[in-house]
Amino acid sequence: MKLRVKITLVILFIIGIYAVLDFAIQRLIILPSFLELERETARQNLLRSREAIQNELEHLKLFTADWSMWDDTYRFVQDKNQEYIDGNLQANTFQMSKLNLLFFYNETGNLVWGKYFDLKDAEFQEYDIFPEKTQPGDKLVGHQKTMDSVTGIMTTRQGPLLFASMPVVTSAQEGPIKGTLISGRLLTKELEDKLVRQTHVSFNLVPVGQDKTEEITQLLANVPEGGDPLLIKASAHELTGYDLMRDYLSQPAFLIKAVTTREISSKGEQTLIMAVSSVVLAGTMVALVLLGVMKHMVVQPLSKVAQHAQAVGGGPDYSLRLNSPRQDEIGLLANEIDAMVERLAYYQKRLADQSYQAGMSEQAAATLHNLRNAMVSLTVPLETIHERFSRLPQQELSMALEELSGSSVDPARREALEHFTRLGLRAWLEMAEDYQGTYAKVRERIRLIEGILSWQETLSPSPLPLEYFFLDELLEDAMRLEANLFSQSQVQVVMDGELRQIGHLHLPRVILLQVVSNLFINAVEAIASGNNQPGTIHVKAQKMGQQVELSFQDNGCGIEEQDLTRIFQRHFSTKTVWGRGVGLHWCANVVNAMGGQLTAESPGPGKGATFRLLVPLAMEDSSHVPT
């Protein structure tokens with residue numbers, strides 16, 4: 001992709017990000033403020049609707065107070081005089097005051113006078129909501145002080161009733177209390193429409209009686225105990241608010257349902273669209289200007305530098321130069337390229353030499369490590385032979401033979417010398433027999449060394465031969481190669497009985513044998529370091545699809561947690577003697593080249609370790625496997 005295209009994409013990306021951020025800010029910060037303002041408006045509409053009903057209750061309370069604190073009413077509840085009824089309790093009183101009922105009780109709780117007036121039909125009707133005789137302790141008539149009052153809502157057959165109850169006292173607001181006056185006004189459709197006109201809020205009253213709808217039932221289910229919350233439901237075009245009104249007994253009386261059109265959020269969305277559109281338009285104009293400036297000041301000069309670099313790299317012609325006269329960063333880059341071209345030929349040759357030497361050193365280190373492991377078992381038998389040779393009485397045998405060759409030897413002396421000679425020859429013969437076995441082991445080890453060396457090519461190694469073999473045979477061969485190590489350490493190897501069931505493998509056997517030998521040697525050395533006697537190495541195999549996993553678990557010194565991955569790094573070793581950090585590093589590289597993996601696990605120091613060797617069941621080509 002050309003630089004011009006990249007710059008264009010970057011600028012467009014930045015503008016896009018800015019537009020997205022602006023949209024996100026508008027959407028997540030500014031628009032929610034419009035929505036919150038809209039919801040607050042809906043809340044205020046509900047509160048205004050509630051206040052309108054409360055105001056009606058206050059007006060009703062003032063009317064009740066005016067009548068209950070009147071000497072005429074004070075006498076009426078005591079003597080029930082007809083004059084009071086004729087002068088005050090007529091239809092015009094109810095019509096002018098918009099009242100639906102007036103009930104007078106005396107101090108004993110008996111009804112003195114009480115009627116219901118239908119404002120629509122303009123006539124008195126039967127109304128049995130209040131009894132002829134109240135019960136002791138009745139909240140509506142049990143006033144104790146002259147200024148006591150009870151106002152609220154009562155649910156009736158005709159609908160919600162606003163009422164006010166106050167004690168009957170003298171005009172001077174003095175007692176004793178001689179009764180109770182209760183006035184009431186039904187929340188009819190006419191009164192509801194009047195309140196809507198007063199508040200300029202579109203609301204209506206929803207009953208919550210026994211025939212309530214499923215929607216009302218769900219709304220009431222969300223109302224917490226003891227609270228009158230505002231519940232607002234949003235749709236695409238309006239907000240519907242519900243406010244629960246309770247009666248004087250704190251039971252649900254009705255819901256105020258107020259509808260608020262979503263004009264505020266609509267204006268907020270229009271504002272958001274205009275803001276994002278202006279950002280996109282301004283960003284497009286800025287992008288066009290930037291692209292023009294970048295083309296002339298950056299893209300074209302850099303294209304020239306790139307063409308020069310391609311020319312140098314494709315030749316290579318190290319005589320080419322930019323010779324840029326610019327003094328800015330692009331000019332500095334051009335001059336640095338010219339300086340680098342001058343040094344390129346020298347460093348190229350030097351780098352090639354160093355790479356060759358580094359490759360030779362790497363391969364030599366791995367080869368020497370494998371040879372050292374293979375030659376460890378040669379040291380013990382050769383030292384044993386040398387020690388036994390040094391203990392033979394060679395000089396004494398030579399002197400005995402020389403003395404026996406003479407003719408003047410005493411018979412008793414001759415017999416003793418011959419017996420000594422026979423013992424010496426017998427020791428020589430026993431040592432010769434032992435030497436035959438040691439020689440066979442040394443010869444087998446030498447053949448292994450020759451096999452290792454034959455596959456170590458210094459420059460271009462040939463592909464390793466792929467052989468068919470079984471895992472148990474490979475492990476037994478490795479144990480035979482390290483027989484002296486196991487005999488000296490007295491470490492026991494416990495192999496899984498199901499190794500043969502894995503089947504034969506088709507892999508570079510010689511390389512895998514070296515890996516297994518390395519793992520055995522490391523396990524034995526770990527057990528020796530951990531002083532765990534008797535030492536044990538458990539070898540298990542598990543087939544995993546087209547791969548097989550060999551696990552080598554020992555009870556040796558264990559591995560620190562931080563060293564579990566470092567042990568496969570080059571030159572890292574926990575050994576204090578002979579440790580060069582090459583063996584496991586070489587093993588891991590070889591196994592990875594074979595398409596496998598070598599890992600280590602350990603519960604911690606002193607708790608042993610487990611090495612897991614994962615290799616494929618078969619390979620088609622081994623040319624990429626290092627030796």
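Quick notes on this one:
- Remark: C-alpha extents of segment 468-508 on the principal axes read 33, 22, 9 Å, sorted largest to smallest.
- Aspartates and glutamates with Cα under 15 Å of Lys267, excluding same-chain neighbours fewer than 8 positions away: Glu36, Glu38, Glu238
- Pairs from Lys80/Lys133; Lys543/Lys607; Lys2/Lys304 whose Cα-Cα separation, in the structure shown, is over 18 Å: Lys543/Lys607
- The share of accessible area on the chain that comes from carbon and sulfur is 55 percent, using a 1.4 angstrom probe.
- Per residue, segment 240-344 exposes 59 Å² of accessible surface when a 1.4 Å probe is rolled over the protein heavy atoms with every protein chain present.
- Along segment 285-295 the Karplus relation, 6.51 cos²θ - 1.76 cosθ + 1.60 evaluated at θ = phi - 60°, assigns HN-Hα couplings of 5, 5, 4, 4, 5, 4, 4, x, 5, 5, 4 Hz to successive residues, with x for each Gly and Pro.
- Helical runs (DSSP H, four residues minimum) scored at -39500 (n - 2.57) apiece and divided by the length of the chain put the mean residue ellipticity at 222 nm at -17500 deg cm²/dmol.
- Cα point-scatterer Debye curve for segment 1-123, base-10 log of I(q)/I(0) at q = 0.12, 0.15, 0.19, 0.20 Å⁻¹: -0.69, -0.85, -1.09, -1.14
- Net charge over other residues, Cβ less than 13 angstrom from the Cβ of Val169 (K, R count +1; D, E count -1): -3
- Projecting label points 7 angstrom from Cα along Cα→Cβ for Ser398 and Thr565 puts them 6.5 nm apart.
- FRET E, pair Ile385, Arg27, Förster distance 60 Å, beta-carbon r, rounded to 0.05: 0.10
- Multiplying the residue separation of Val20 and Ala311 by 0.36 nm and removing their Cα-Cα distance gives an extension gain of 100.5 nm.
- Values of log10 I(q)/I(0), in the order q = 0.20, 0.23 Å⁻¹, for segment 115-236 under a Debye, Cα-only, solvent-free model: -1.27, -1.36
- Table column - 3J(HN,Hα) (Hz), segment 178-195, Karplus curve with 6.51, -1.76, 1.60, x for Gly and Pro: 10, x, 9, 10, 10, 10, x, 9, 6, 7, 7, 4, 5, 5, 4, 5, 4, 5
- With Cα atoms, 0 to 90° folded angle of helix 471-481 axis to the chain main axis: 50 degrees
- Of all DSSP beta bridges in the chain, antiparallel share, percent nearest 5: 90 percent
- Computed with every protein chain present, the accessible area of Ser487 is close to 80 Å² [probe 1.4 Å].
- Matching label, Cα extents along the principal axes in Å computed from the structure shown, candidates (1) 126, 89, 39; (2) 184, 88, 44; (3) 163, 129, 30: (2)
The values are calculated or read from the model by the stated rules, or taken from the named source; none is laboratory data. Everything numeric here is computed off the predicted structure, so don't read it as measured data. Neighbour counts are summed over all protein chains in view; Cβ atoms, including those assigned to glycine, are modelled from backbone coordinates with ideal geometry. Remember, those area values only see protein heavy atoms, side chains included, never the ligands or the DNA or RNA. Shrake-Rupley method; radii C 1.70, N 1.55, O 1.52, S 1.80 Å.
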